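Working notes, beginning with the structure itself.
The values are calculated or read from the model by the stated rules, or taken from the named source; none is laboratory data. None of these values were measured; they are calculated from a predicted model. So basically every Cβ, Gly included, is an ideal-geometry build from the backbone, and we count neighbours across all protein chains shown.
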Amino acid sequence: MQICVIPGDGIGPEVIAVATAALRVLAPDLTIKEAEAGWAVFQRTGTALPETTLALAREATAILFGAVASPSHPVPGYRSPIVELRRTLDLYANIRPTVGNEVDLVVVRENTEDLYIGRERLEDDGATAIAERVITRAASARIVRTACELARTRQAYGHPGKVTIVHKANVLRVSDGLFRTVALEVAADYPELTFEERLVDVAAMQLAAQPQRFDVIVTTNMFGDILSDIACIHGGGLGVAASSNLGHGRALFEPVHGAAPDIAGRGIANPTAALNCVVMLLDWIGRPHAAERLRSAITAVAAAGIRTPDVGGQATTREVADEILNQLSAQM
Ligand code: ATP
Ligand code: MG
C-alpha cells in the first residue's frame, strides 16, 4: 500500500517529519513517497501543485498532508494546492473529530458545493453582490451516507450511534429543504442509528455549551466549516486537531492548523495534530491496533508533561517526537 506524504510549508515539514517517523515504526510495510506542494515550490517553479505530486497523490491510497502557506493577497497563477487536491480527487467528505473532557464527537462536512463554489458576482454597478448556493441530491446523499457509516463504525466501539442533521431549512426552504429531504431518506436505511435535526444556529449554541450531547454531526459545506471550528474549542486547540478528507476509496489527512509562519523554524511546533492524522490514517486503512498504540503513546507523553508551549509546556518538537518514539518502542 502506498502513502503519499506532502509536508508543505512553514511548520508543515517540522510536524510531518514526526508523523512520518511514527508511521514508519507502526506500519513498516507501507511504501511512503514524499512530494512537494505549496508556496515554496510555487516560488521556485511557478506551480503550487506540481504534476509529479498530483500523480503520486492519485497513485496513493492515503495522503498525509502538512500545511501550505498561502499569500495574503491574490497572486496570479497561485491556486491553493489543498483546494486543488480536494477538487481533483473529489474528496467530498471533510471529517473532523473532537475528543476532549467528556466530549467525543465528529463533524462531517460536505466539501464540494454550497456557497463555496465561487459563483459570486457584482451587479448594479457594484452596489449589489450575489453569491450562488448549490445543493445537489447526489452530494447530499453521499455525505449523509458517509456520516451514517461513520456513526455505525463508532457504535461498534461504544458510541451512541446518533446522527445530528444540521440545516436551516426553515429559511433556506429550497436548498436546505433538499438537503434535509435527502438526509431523511438516507436515514431510513439505517434503522440501528438514531437521528435528530437541528437548525444551524441552535446547533452552534449547543455545540459551544453542551458538546457532550453530540456524536456525529452532518451538514452542508459552510455550516460545517463554522461548526467544526466551534467543536475545536473542546479538543485541546489547533495544536492537536486533525482532519480527513474522504472520497472514492481515497483519503487525505491533514492537521486543522495552517503553516503557522509565526513559529516556523523555531522547533516548538506541536506535532500532536500531525500524529493524530496518523492515528486516523491507520484506522482508515484498517489497522486499529496500530492506531491504538499511537493514540496511547500520545496520551502518555502529554500526561507525563512533555508538551510544547501552545499546550502549556516547555518541550520542543524534537523532545515530544523522541518521547513518542520511545513510548512506541517500549510497547513492543
Ligand atoms: P495559515 O494562513 O497557514 O493558516 P496562520 O497564521 O493562520 O497560518 P495557523 O497555523 O492557522 O496560522 O495558526 C494560528 C495560530 O496557532 C498561530 O499563532 C500558530 O502559531 C498557532 N499554532 C498553529 N498550529 C500550531 C502547532 N502545531 N503548534 C503550536 N502552535 C500552533
Ligand atoms: Mg489559519
- List the pairs whose first member sits in the range 256-281 and is touching a residue at least 12 places away in the same chain (Cβ under 8 Å) and farther than 16 Å from Trp39 by Cβ, whose second member is among the hydroxyl-bearing types (Ser, Thr, Tyr) and surrounded by fewer than 20 Cβ atoms within 10 Å (Cβ to Cβ), and whose Cβ atoms are under 8 Å apart, counting only residues at least 6 apart or on separate chains? Gly267/Thr316; Ile268/Thr316
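Would you pick out the residues in the range 227-241 that are among the β-branched types (Val, Ile, Thr) and either surrounded by 17 or more Cβ atoms within 10 Å (Cβ to Cβ) or within 13 Å of Pro271 (Cα to Cα) (or both)?
Filtering the range 227-241 down to residues among the β-branched types (Val, Ile, Thr) leaves 230, 233, 240.
Residues satisfying the conditions are Ile230, Val240.
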- Task: Check Ala129 against each of (1) of a type in the set (A, V, I, L, M); (2) assigned to a loop (DSSP other than H, G, I, E, B); (3) more than 15 Å from the chain's Cα centre (by Cα) and name the one condition it does not meet.
- Result: (2)
- Do the conditions hold for Arg96, that is, is it charged (D, E, K, R), within 16 Å of ligand 1 (Cβ to nearest atom) and not assigned by TED's automatic domain parsing to the domain that holds Val278? yes
- Conditions (1) more than 22 Å from Ala321 (Cα to Cα); (2) assigned by TED's automatic domain parsing to the domain that holds Gly267; (3) of a type in the set (Phe, Trp, Tyr); number of the one not met by Tyr116: (2)
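Mind listing whichever residues of the range 177-195 are in contact with a strand residue (DSSP E or B) (Cβ under 9 Å, 6 or more places away or on another chain) and surrounded by 14 or more Cβ atoms within 10 Å (Cβ to Cβ)? It would help to see each step written out before you state the result.
We begin by selecting, within the range 177-195, every residue in contact with a strand residue (DSSP E or B) (Cβ under 9 Å, 6 or more places away or on another chain); these are 177, 179-180, 183-184, 187, 190, 193-195.
If the condition is that a residue be in contact with a strand residue (DSSP E or B) (Cβ under 9 Å, 6 or more places away or on another chain) and surrounded by 14 or more Cβ atoms within 10 Å (Cβ to Cβ), then Gly177, Phe179, Arg180, Ala183, Ala187, Tyr190, Leu193, Thr194, Phe195 are the ones that fit.
Can you tell me which residue in the range 49-93 is surrounded by the most Cβ atoms within 10 Å (Cβ to Cβ), limited to those that are among the acidic types (Asp, Glu) and touching a residue at least 24 places away in the same chain (Cβ under 8 Å)? Steps first, answer last, please.
Restricting attention to the range 49-93, the residues satisfying the condition of being among the acidic types (Asp, Glu) are 51, 59, 84, 90.
From what is left, the residues that are touching a residue at least 24 places away in the same chain (Cβ under 8 Å) are 59, 84, 90.
Numbers: Glu59: 11, Glu84: 16, Asp90: 13.
Ranking the qualifying residues of the range 49-93, first place goes to Glu84.
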- Task: Need at least 1 residues that are at pLDDT 95 or above, among the polar types (S, T, N, Q) and within 16 Å of ligand 2 (Cβ to nearest atom) per element, so show me which strands (runs of 3 or more DSSP E) inside the range 1-113 make the cut, counting only ones lying wholly within it.
- Result: 93-100
- Task: Kindly state which strands (runs of 3 or more DSSP E) lie completely within the range 212-325 and contain at least 3 residues that are within 16 Å of ligand 1 (Cβ to nearest atom).
- Result: 250-255
- Item | Hey, Val103 β-branched (Val, Ile, Thr) and closer than 30 Å to Thr299 by Cβ or not | yes
- Task: Return the residue satisfying two criteria in turn: it lies in the range 244-275 and is within 13 Å of ligand 2 (Cβ to nearest atom) and either under 11 Å from the mean Cα position of the chain (by Cα) or of a type in the set (D, E, K, R) (or both), and of such residues it is surrounded by the fewest Cβ atoms within 10 Å (Cβ to Cβ).
- Result: Asp262
- Message: Need pairs with beta-carbon distance below 7 Å; first residue surrounded by 14 or more Cβ atoms within 10 Å (Cβ to Cβ) and within the range 317-332, second acidic (Asp, Glu) and assigned to a helix (DSSP H, G or I); sequence gap 6+ or separate chains.
- Response: Thr317/Glu14
